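Participant: The structure that follows is given in the form of structure tokens.
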Amino acid sequence: MKKEIIGRCPVCEHDLKVTELHCNYCDTTIKSEFDLCKFCKLPKDQLVFAEVFIKNRGNIKEIEKDLGISYPTVRNKLESLIESLGHKPKSEPNINKKEILEKLSSGEITADEAVNLLKD
């Protein structure tokens with residue numbers, strides 16, 4: 001079973017630091033304090049979402065199918081991931097009614113999702 005490094009303390013949920021690196025080939029050990037990458041600090045659910053997003057090249061429809069979630073849920077998960085990686089989400093311009101109806105007719109969103117988008 002492959003062991004993966006964890007990025008958050010299982011007790012207090014704060015970021016962890018790596019303090020030792022070791023090469024199994026030459027037996028070199030480096031001791032210091034290293035920061036983990038942004039992705040190592042993500043919770044498992046966000047890592048799974050990021051992998052599915054990349055695998056599907058950002059195609060929302062395919063992400064919906066893979067994860068069994070709706071268009072608004074994909075968008076919310078993406079915004080959450082963007083924030084967790086330390087970026088500010090762009091304020092989304094209002095989607096016009098024509099775009100919503102086009103997405104509805106092409107099957108990108110359901111009727112309920114269209115109604116919710118029109119309410120916003």
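Participant: Counting every Cα pair in the chain, what percent are over 16 Å apart?
Facilitator: Of all Cα-Cα distances in the chain, 71 percent exceed 16 Å.
Participant: Same structure again: Helix 71-84 versus the longest principal axis of the chain: what angle, 0 to 90°, nearest 10, using Cα atoms?
Facilitator: Rounded to the nearest ten degrees, it is 30.
Participant: If contacts are Cα pairs under 8 angstrom and at least 6 residues apart, what is the relative contact order of the chain in percent?
Facilitator: Here the relative contact order equals 15 percent.
Participant: Here is a follow-up. Compare the peptides 46-53, 9-16, 112-119 by average per-residue count of other Cβ atoms within 10 angstrom and give them in order, highest first.
Facilitator: 46-53, 112-119, 9-16
Participant: Would you work out the charge dipole size for the chain about its Cα centre, treating the Cβ of every Lys and Arg as +1 and the Cβ of every Asp and Glu as -1, and quote it to the nearest 20 debye?
Facilitator: 120
Participant: Can you check how the C-alpha radius of gyration of region 1-69 compares to 2.2 N^0.38 Å, as a plain ratio?
Facilitator: Values: Rg = 16.4 Å, N = 69, 2.2 N^0.38 = 11.0 Å.
Relative to the 2.2 N^0.38 Å estimate, region 1-69 comes out at 1.49.
Participant: Going down the table (17/38; 2/44; 44/103), which pairs top 21 Å between alpha carbons?
Facilitator: Where the Cα-Cα span goes over 21 Å, the pairs concerned are 44/103.
Values quoted throughout were computed directly from the atomic coordinates according to the rules given, and no laboratory measurement underlies them. All figures in this text were calculated on a predicted structure; none of them were measured in a lab. When we count neighbours, we look across all protein chains shown, and the Cβ atoms used for this are built from the backbone with ideal geometry, even at glycine.
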